[in-house]
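What follows is a single structure, written as structure tokens, with notes after it.
Where a number appears in this text, it was derived from the coordinates with a stated rule and is not lab data. As the structure is a prediction and not an experimental result, all values here were calculated from the model. All Cβ positions, even for glycine, are placed from backbone atoms using ideal geometry, and neighbour counts span all protein chains on display.
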Amino acid sequence: QVQLVESGGGLVQPGGSLRLSCAASKSIVSIYTMGWYRQAPGKQRELVATVTNNGSTNTNYVHSVAGRFTASRDNAKNTLYLNMNSLKPEDTAVYYCFADEVVGGSVYNFWGQGTRVTVSS
């Protein structure tokens, strides 16, 4: 089992930047997939980015954030990041990190508590 704690959310003006962090309670070296979801008020949760680690690191993004957001993981620090640039009001949401851990052939899904991002002037 792994506990995830997000941080870095806040209020930012349109065009600004934020960096979200997701600290894991144990080593993430063996966790194949980590990533970020977000949920805006009145909307369904949306997958924002995934970072997979299987010898090499691969990232994928939802179209609406591609080119503006960068997801990365630091296995030495057991931390996942989301660098968000050129923020727009429509990026306003609670951002959740997740981890999919494979143990004994079964996939276990873990979530953080979320961190709120508000983009407004």
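Its residue count N sets the reference 2.2 N^0.38 Å, and the alpha-carbon radius of gyration of the chain equals 1.02 times that reference.
For Thr115, neighbours were defined as the other residues whose beta-carbon sits under 15 Å from its Cβ, and their charges (Lys and Arg +1, Asp and Glu -1) total +2.
Take the Cα of Lys88, step 7 Å toward its Cβ, do the same at Val103, and the gap between the two points is 4.0 nm. Residues considered: Gly15, Gly35, Gly105. Largest GNM mean-square fluctuation over the chain, using C-alpha springs under 10 Å, is found at Gly105. Computed log10 I(q)/I(0) for the stretch 63-115 at 0.32 Å⁻¹: -1.25, from the Debye equation with unit scatterers placed on every C-alpha and solvent omitted. For the stretch 22-61, the C-alpha radius of gyration divided by 2.2 N^0.38 Å, with N the number of residues, is 1.38. The H on the amide N of Tyr108, modeled in the peptide plane, is under 5 Å from the matching H of Glu101, Val102, Val103, each at least 5 residues off or on a different chain. Evaluated with a Cβ-only charge set (Lys, Arg +1; Asp, Glu -1), the chain carries a dipole of roughly 160 debye about its Cα centre, given to the nearest 20. The aspartates and glutamates whose alpha-carbon is closer than 18 Å to the alpha-carbon of Lys88, local same-chain residues fewer than 8 away aside, are Glu46.
Here the calculated FRET efficiency for Ser64 and Tyr32, from their Cβ-Cβ distance with R0 = 35 Å, stands at 0.90, rounded to the nearest 0.05.
Bridgeable lysines around Lys77 (alpha carbons under 26 Å apart, same-chain partners fewer than 8 residues away excluded): Lys26.
Between Val5 and Ser121, the FRET efficiency estimated from the beta carbon spacing at R0 = 35 angstrom works out to 0.75.
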